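Down below is the structure, laid out as C-alpha cells.
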Amino acid sequence: MRRKFLTNLGLLLFLNFLVKPFWILGIDRTVQNITGPEEYGFYASLLNFTFIFNILLDFGITNFNNRNIAQNSQLLNKHFSGIVSFKLLLGILFFVVTLGVGLIIGYKPRQMQFLMILGFNQFLTSFILYLRSNISGILHFKTDSVISVLDRLIMILICSVLLWGRVTDQPFRIEWFVYAQTIAYLITAVIAFGIVVRKSAFKKLQLSIPFARMIIKQSFPYAVLVLLMASYNRIDSVMLERLLPDNGDMQAGIYASAYRLLDAVNMIAYLFSVILLPMFAKLIKEKLSVEWLVKLSFTLLFTASIIVSAGSYFYSFELMDLLYVSHVTESSNIFRLLIIGFIPIATTYIFGTLLTANGSMKALNITAFLGMIINIGLNFWLIPKYFAIGSAYASLVTQFVTGIIQIIIVQRQFKFHINKKFLITLPVYVAGVIAINIGTKSLSLAWETRFLMMMAFSLLLAIALKLFNFRSLFELIRNR
C-alpha cells in the first residue's frame, strides 16, 4: 500500500506538472493580460458564483461514491446507471437555481449569458469528477491520472491556436476562453464516460425513486460539506463584485491574478487527496493503521508548503511582476497574504480527507460552517474598507482556523502517537526556511537565481532534518 501510494502519486504529479502549470501560467495568465483585469474579473466573479451552487450538481455524490467504491468495488455495477440519471436531474435543478438567483441579485443580460455557459461547464466538470471517482475508487490511479489532465491539455491546444495561431484578426475575447473550456470538458466527459461504462455493467439510464432517496440520504452530509466549503473558498470574488459597485470587477480581477499561483499549488495538494481518500477508506475498512500514511503524506506536503509559502512571500513582487503587466504592486500585496494560507490548506487536504474517509461528516460540517461564518463576516467588514486585500485577510484567517480545528479532531478520533521529536523538528524547519529566504534575498544576484538557491537550500535542510528521505522513497519505488 505504501509503494502504491508513492508510485501513483509520482505519476499523478508528473502528468499534472507537465500540463497544469502551463495552463495556469501560460494560457490563463495570458488571457488575463490580454483581456485586462476588469474583463477577467467579470469572468472570475461569475465563475466563482457558479461554484457556490455546486452542491446542487454533486450533492456530495463524488466524495460519497469514491469512499464507497473503494470499500465495495461491486457497487460500481449496481449504482452507476442510477447515479448518472440522478446527476442529470440535479443538473436541471442547478441551472434553475443558479439562473434564478442571478436574476434576483440583479445580474445584467451579458452576465446572465455568461452564467448559462459557465453553468454548463460546471455541470460537465462535476460529471467528470464523478466519473473519475469511479475510476480512482477501483484504484485505477494511472487511468485517473491521464483523465485528470486531459481537459486542460485540450484547452491548451485550442487556446494556443486562438492566442498565437493568427487564425483571426480580432483581439482575443473572454468569450472564446469560456467556449474553449466547454469543448474541452465535453470531450473529456465523453472519454471518461466510455472508460467507466467498460468497467461497469451499464446498459441504459435507469432511475428509481427509492434509489434516489437512498443516495440523497447517504450523500447529504457530503453535500452540506461541499456547500459550506464553497461558501468560504469561492465567495471572495463574488462579494468583491457585489460589495464594490464602482470597481468590483477590477478588484475581483486583481484578486484573481493574486489567487492564480495559489490555485496552481492547490492543484498539487489536491492530487494528494485524490489518492489518499480511497486509500484511507480501504485501510479504515480493513481496520489497519493509517498513521504511517498520514505522517508520510503530511511530511511531504508540509515540507513543500513551507518552501512554496515562504519563498512566494519573500519574492511576491518579483513573481507578480514576471506574470502580469498591470497592478503588480496590488497583486503582490494580496498574493503575499493568500500564499501563507497554502500551509493550512495543504494540511486540510490530509486531515480533512482522513475525516471524510472515516465518515466523520458531522465534525467536518461544523468546522466548515464555522469557516463560512468567519469568512463571510470578515469579508463584509473588510472589503468596503480595504477592497481586495481585505478579502485576502479574511481568507487567511479562515484557512488557519479550519485547518487547526481539523488537526485537533483527527487527534481526538484516531489518538495518534505523539512524536515529540517530529513536532519539534517542524518549527525548526520553518525557522530555517525563513532564515534561508532572508539570506538569499540579501544577495546581489538575479532574483531568479536567488529563488532557485532558496528552494535548493530549503530542500537540503528538509533532508538534513530527515523530513525528506530520498533513499527510502527510491527503495519503495524500486521494490514495488
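The values are calculated or read from the model by the stated rules, or taken from the named source; none is laboratory data. Computed from a prediction, not measured in an experiment: that's the story for all the values here. FYI the Cβ positions are ideal-geometry reconstructions off the backbone, even for glycines, and counts take in every protein chain you see. In case anyone asks, the SASA skips ligands and DNA or RNA and just uses the protein heavy atoms, side chains included. Shrake-Rupley method; radii C 1.70, N 1.55, O 1.52, S 1.80 Å.
Against the list (1) of a type in the set (Ser, Thr, Tyr); (2) surrounded by 23 or more Cβ atoms within 10 Å (Cβ to Cβ); (3) more than 23 Å from Val294 (Cα to Cα), the condition Tyr386 fails is (2). Looking at the structure I just gave you, is Asp321 among the acidic types (Asp, Glu) and within 22 Å of Leu227 (Cα to Cα)? Criteria not met by Asp321. Residue selection: Tyr255 satisfies the criterion of being of a type in the set (Ser, Thr, Tyr) and under 20 Å from Arg29 (Cα atoms).
Taking the stated definitions as given, is Thr303 crowded, with 19+ Cβ neighbours inside 10 Å and modelled with pLDDT under 95? Here the answer is yes, as Thr303 does meet what is asked.
Every residue, every condition in (1) over 17 Å from Ser305 (Cβ atoms); (2) at pLDDT below 95, yes or no:
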| site | (1), (2) |
| --- | --- |
| Phe416 | yes, yes |
| Leu426 | no, no |
| Ala435 | yes, no |
| Phe451 | no, no |
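Is it the case that the stretch 385-399 has a residue that's within 30 Å of Lys287 (Cβ to Cβ) and assigned to a helix (DSSP H, G or I)? For the stretch 385-399, residues within 30 Å of Lys287 (Cβ to Cβ) and assigned to a helix (DSSP H, G or I): absent. For Ile268, the stated conditions hold: it is open to solvent by 10 Å² or more (accessible area, probe 1.4 Å) and of a type outside the set (D, E, K, R).
Identify all residues within the stretch 134-182 that are among the β-branched types (Val, Ile, Thr) and surrounded by 15 or more Cβ atoms within 10 Å (Cβ to Cβ); write none if there are none. Ile135, Ile138, Thr143, Val146, Ile147, Val149, Ile154, Ile156, Ile158, Ile174, Val178, Thr182 - these are the residues of the stretch 134-182 that are among the β-branched types (Val, Ile, Thr) and surrounded by 15 or more Cβ atoms within 10 Å (Cβ to Cβ). Residue pairs whose Cβ atoms lie under 7 Å apart, separated by 6 or more positions or on different chains, with the first residue in the stretch 179-200 and farther than 22 Å from Gln113 by Cα and the second surrounded by fewer than 15 Cβ atoms within 10 Å (Cβ to Cβ), are Ser200/Asn77.
Looking at Leu452, Leu459, Leu443, can you tell me which residue is among the hydrophobic types (A, V, I, L, M, F, W, C), open to solvent by 40 Å² or more (accessible area, probe 1.4 Å) and in a loop (DSSP other than H, G, I, E, B)?
Being among the hydrophobic types (A, V, I, L, M, F, W, C), open to solvent by 40 Å² or more (accessible area, probe 1.4 Å) and in a loop (DSSP other than H, G, I, E, B) holds for just one of Leu452, Leu459, Leu443, which is Leu443.
Residues in the stretch 118-125 include at least one that is open to solvent by 10 Å² or more (accessible area, probe 1.4 Å), hydroxyl-bearing (Ser, Thr, Tyr) and at pLDDT 75 or above. Quick one: would you say Ala368 is open to solvent by less than 20 Å² (accessible area, probe 1.4 Å), of a type outside the set (Val, Ile, Thr) and farther than 17 Å from Leu227 by Cα? So Ala368 fails the test.
Scanning the stretch 222-259 for residues that are acidic (Asp, Glu) and in a loop (DSSP other than H, G, I, E, B) returns a single hit, Asp246. Of the helices (runs of 4 or more DSSP H) entirely within the stretch 269-374, those holding at least 2 residues that are without any contact (Cβ under 8 Å) to a residue 24 or more places away in the chain occupy 316-323, 328-340. Within the stretch 271-289, being among the β-branched types (Val, Ile, Thr) and surrounded by 22 or more Cβ atoms within 10 Å (Cβ to Cβ) holds for Val274, Ile275. Within the stretch 407-416, is even one residue open to solvent by less than 20 Å² (accessible area, probe 1.4 Å) and out of contact with any Pro (no Cβ under 6 Å at 6 or more places or on another chain)? Yes, the stretch 407-416 contains a residue that is open to solvent by less than 20 Å² (accessible area, probe 1.4 Å) and out of contact with any Pro (no Cβ under 6 Å at 6 or more places or on another chain). Entry remark, the stretch 418-430: residues being open to solvent by 60 Å² or more (accessible area, probe 1.4 Å) and more than 21 Å from Gly352 (Cβ to Cβ) number 5 in total.
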